[in-house]
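Have a look at the structure below before the remarks.
A short reminder: the numbers here are calculations on the coordinates, not readings from a lab. Computed from a predicted structure; not experimentally measured. With ideal geometry, Cβ positions are generated from the backbone for all residues, glycine too; neighbour counts draw on all protein chains shown.
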2 protein chains.
Amino acid sequence: MTEYNRSEKISWFLPAALFLLMLSNYTSAQTINMDSIKIQNYSNVAGQIVTTALKERKGYELLRELCMIGPRLSGSKNSLEAINWAFEKMKTFGFDSVWLQPAMVPHWERGDTESCTIINENKNLSVLALGGSVSTSEEGITAEVIEVKDFDELEKRKDELKDKIVFFNNTIDAGLVDTFSGYGKIVKQRTEGAIESAKYGAVGVLIKSITTKYDNVPHTGVMSYVDSIPKIPSAALGFQDAEYLSKEIKNNPHLKINFKLSCKTLPDAKSYNVICEIKGSEKPNEIIVVGGHLDSWDVGYGAHDDGAGCIQSLEVLDLFKRLNIKPKRTIRCVFFINEENGSRGAREYEKIAEQSGEKHIAAIESDRGGFTPEGFYVDTDSSLVFDILQSWLPVLEKAGISWIKKGGSGSDVGKIKNTAALIGYVPDDQKYFDFHHSDNDVFEEVHPRELELGTAAITVLTYLLSEEL
Amino acid sequence: MTEYNRSEKISWFLPAALFLLMLSNYTSAQTINMDSIKIQNYSNVAGQIVTTALKERKGYELLRELCMIGPRLSGSKNSLEAINWAFEKMKTFGFDSVWLQPAMVPHWERGDTESCTIINENKNLSVLALGGSVSTSEEGITAEVIEVKDFDELEKRKDELKDKIVFFNNTIDAGLVDTFSGYGKIVKQRTEGAIESAKYGAVGVLIKSITTKYDNVPHTGVMSYVDSIPKIPSAALGFQDAEYLSKEIKNNPHLKINFKLSCKTLPDAKSYNVICEIKGSEKPNEIIVVGGHLDSWDVGYGAHDDGAGCIQSLEVLDLFKRLNIKPKRTIRCVFFINEENGSRGAREYEKIAEQSGEKHIAAIESDRGGFTPEGFYVDTDSSLVFDILQSWLPVLEKAGISWIKKGGSGSDVGKIKNTAALIGYVPDDQKYFDFHHSDNDVFEEVHPRELELGTAAITVLTYLLSEEL
């Protein structure tokens, strides 16, 4: 996932028909309980879903196949290969529909040259261009480095920035339990560091990789420019090399580095969301979306981010087929393209959905890695809907879900309008940023049981949304 | 941990004084809520505990030191080195008391020779003697292999067992969410396979390793004999080699193997529990124990099982010191010796505690690995005590705890009598048996954030038990 805290506030209204339907089922929003026979019946289904997912590990093997294609940056050859793989794979599963939805996506390429050298020491640092960065000239930028912790310090030292390379040296606050919250607090150094630094005449930006793993593998991610301010090259340093550079700057405040990038932005490229669905048996026009994003960064294999979420979403539909569960509502799996650097797939999906007048009841996003399930965040303005979802916990517990809380869904499904609930799947997040946007994000780091238990949890919730919302 | 489902049923009674104390604080067992000011105050302390543990990672570095000693099988030189390390380390922390409690422990050694060869193929299988096994002769046992799934099949085929090597080929049921439950259902093939097979004239036992990881690393663990039945050598095969052997037996039902072990049991050895405590400021005679077991198997480094639990228990006390928290009751950390193959440390601890008339209020065991916290199992006959513990969830949630359920504590603290509650710390268990009792159980597989968040959770609960039970 990328900037989770950027997700747009959803303009939301509850369709009157749905509201009346719910009122007829539930008389009090304060004390909603699912009746015990229903709990028992749904728990039996949940048990089958969990057992099948954990025993058969079909999604895990699909994820292995997807990762074999390589990283899947929007616009890249690999991304098109992955789209084709997904489209052909979905067609083998016997769903009611499988289709591609076109979207034009940004096309940025890393290029062959990436280097960052402390000149007097001839010491090379582990470096990785940020996604969207402009290149340097062939000789690179040679300049003094000014280290700042954050934007407050940058502002205070704005008069010192001219012709310097700004080095943002901030770390995810290890003391926070919620790693996404820690990430959200400092990600601005990556996304807006170049804009804020160039305002005051800086010629380049380096950031300490935003990671919870203190190794030397650099982590990339999207960065942005505005047209009114010069566009300066920006890259991430490996955590250990960032610490080293900081120490060396203390020893020599006039330390110079040479910094070279050959990345470039090409014209927008044609790409696609990949979509499949099972038609609802009773309410085919009411849609529940479950999805993740197919694109990844161009390092590692995008296994946790977000191969896992795509494959889980696909296996939700496949588990319905394997277990011969016929949902009342239409269940649609969407592999969104371009979540990492533009969200063009999500925008296209929502546009088409609005134009066609489709009625989306709810949507679930899985984009926090393939780890052991913990809970679901629910984005809804209706306390009634929230209470209904909470009343399902005795069933969801069968798949390792401990809680339902209010919270953001995700940057792809978060764009869908007029649903009753937008939902984010929340697995254990202690390790997620060890892997995120880096060469550490490989298939071997996904555990089959953790992935499949998550798939089961999302499947159970999808089924309940279909039958009971 | 070892046979978790063997833990003795605790004979329990609630001291009258404690009961009256609790009644004065809580009027209804049905609707116990901690008042909101207390929740706020305790949550503030919990926040400090969590932040300090996650930021400073002191326990993680202690675990690295402990693992550097090597595996710590009871009676081994390494185990004594680890006892000495722990004793000296505890003395540096400024606790009120640090001491060793002697216990005689079994002393079994693996020896140099372990082999298992399919004769006609000259194919060596990955094999590891079970803990406590007798050796073979120097030439080994050469015999046909009879494969059974479980004890039911063994019983049905008892007339075929004479002079054969019995091969138990059963796997943890992957469809169960709770891996400990899956383990418990089949561990008997390891613990009692030799007894049941020798009854009918078998000359050796091989088991498929009891693991959730389908690699070829064999997993050991304790096995037992009875004096009235011949003692036959027993070993575990790597998962993949067990699958291979099964395939080969189908091809050739008279397939023979040669099987050699040189392990031996020496006289019982002197060993120790290692104990430290902080005296309670108001009720120094009321004790809360927090512990794990210092011994491990003789493969891997006992990082998750149970280096993690020991170090977490030690860091509970150290966090009180670092944060200058002065508990009302006495907090005692116990590194139990010999959990894996005899529980002599736990038996000695309880004997001495009873003789000295010590009053144990509660005890927490951490012996399920150093993974992300999920909840606590509580073993108590008092629904009042259970409800009180549940009322603390709003505080415990600060450290990632989602639930309090009735359940077993652990095989070490489970032996302590006359407490209000025996408690087992429950982290995520999806991966635990990948590592358990094998060369896979190494320091690198423990994640610092997961370990430390667990430490924080146990510390918060310990503090609440001290102040509020």
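Ratio of Rg to Rh for chain A, alpha carbon only, Kirkwood?
Ratio of gyration radius to Kirkwood radius: 1.01.
Got the relative contact order for the range B:111-262 handy, in percent, Cα pairs under 8 Å and 6 or more residues apart?
39 percent
Find the Cα radius of gyration of the range A:90-176, compare it with 2.2 N^0.38 Å by division, and give the number to two decimals.
1.75
When you count, for each residue, the other Cβ atoms within 10 Å and take the mean per peptide, how do A:234-243, A:382-391 rank with the highest first?
My ranking of the peptides, most packed first, is A:234-243, A:382-391.
Kindly write out, for the range B:122-128 in residue order, the coupling ³J(HN,Hα) from the Karplus curve 6.51 cos²θ - 1.76 cosθ + 1.60 (θ = phi - 60°), rounded to whole Hz, with x marking Gly and Pro.
For the range B:122-128, the Karplus curve yields 6, 9, 8, 9, 6, 9, 8 Hz.
7 Å along Cα→Cβ for the label point: how many nanometres lie between A:K162 and each equivalent label in the other copies, listed shortest first?
10.2
Would you please put B:38-48, A:455-465 in order of how densely packed they are, using the mean number of other Cβ atoms within 10 angstrom per residue and starting with the highest?
A:455-465, B:38-48
State which entries of A:K283/A:K406; A:K89/B:K213; A:K185/A:K431 exceed 20 angstrom in Cα-Cα distance in the structure shown.
A:K283/A:K406; A:K89/B:K213
Over its Cα atoms, what ratio of radius of gyration to 2.2 N^0.38 Å does the protein assembly as shown give?
1.00
Defining the label point at 7 Å along Cα→Cβ, can you sort the distances from B:K328 to the same site in each other copy, shortest first, in nm?
Once sorted, the set of distances for B:K328 reads 5.2 nm.
Normalised by the empirical 2.2 N^0.38 Å for globular proteins, what value does the Cα Rg of the range B:311-469 take?
Working it through for the range B:311-469, the quotient is 1.02.
Going by how many other beta carbons lie within 10 Å of each one, how would you line up B:D150, B:D367, A:D434, fewest first?
B:D150, A:D434, B:D367
Would you mind giving the three semi-axes, in whole Å and largest first, of the ellipsoid equivalent to the range B:36-82 according to its Cα gyration tensor?
Equivalent ellipsoid of the range B:36-82: 37, 13, 5 Å, largest first.
Scanning chain A for helices, which whole DSSP H stretches are 18 Å or more long along the axis (Cα) and average -1.0 or more by Kyte-Doolittle?
A:36-56, A:77-91, A:308-322, A:448-468
What number, in percent, do you get for the relative contact order of chain A if the mean sequence gap of Cα pairs under 8 Å and at least 6 apart is divided by its residue count?
Reported relative contact order: 24 percent.
Give me a comma-separated list of calculated 3J(HN,Hα) values for the range A:108-113, in order, Karplus coefficients 6.51, -1.76, 1.60 applied at θ = phi - 60°, integers in Hz, x for any Gly or Pro.
Going residue by residue, I get 10, 10, 6, x, 8, 9 Hz, with x marking Gly and Pro.
Using the 7 Å Cα-to-Cβ label point, sort the distances from B:D112 to its equivalents in the other copies shortest first and give them in nm to one decimal.
With the label placed 7 Å along Cα→Cβ, B:D112 yields 5.6 nm.
If amide H atoms are built 1.01 Å from N in the plane of the peptide, which residues on other chains or at least 5 residues away come under 5 Å of the amide H of A:D367?
The list, which skips near neighbours in sequence, is A:Y425.
Which far-off residues, 5 or more places away or on another chain, put their amide H under 5 Å from the one on A:E147, with H placed in the peptide plane?
Excluding prolines and chain starts, which carry no amide H, the hits are A:F167.
So what is the relative contact order for the range A:208-332, in percent, with contacts set as C-alpha pairs under 8 Å and at least six apart?
25 percent
In A, who owns the beta-carbon nearest the axis carrying A over to B, and how many Å from it?
A:S402, 2
If the viscosity is 1.002 mPa s and the temperature 20 °C, what translational diffusion coefficient in µm²/s does Stokes-Einstein give for the range B:111-262 when Rh comes from Kirkwood over Cα pairs?
Result for D is 142 µm²/s.
Show the residues, 5+ positions off or on another chain, whose built amide H is closer than 5 Å to the amide H of B:Y272.
Excluding prolines and chain starts, which carry no amide H, the hits are B:A103.
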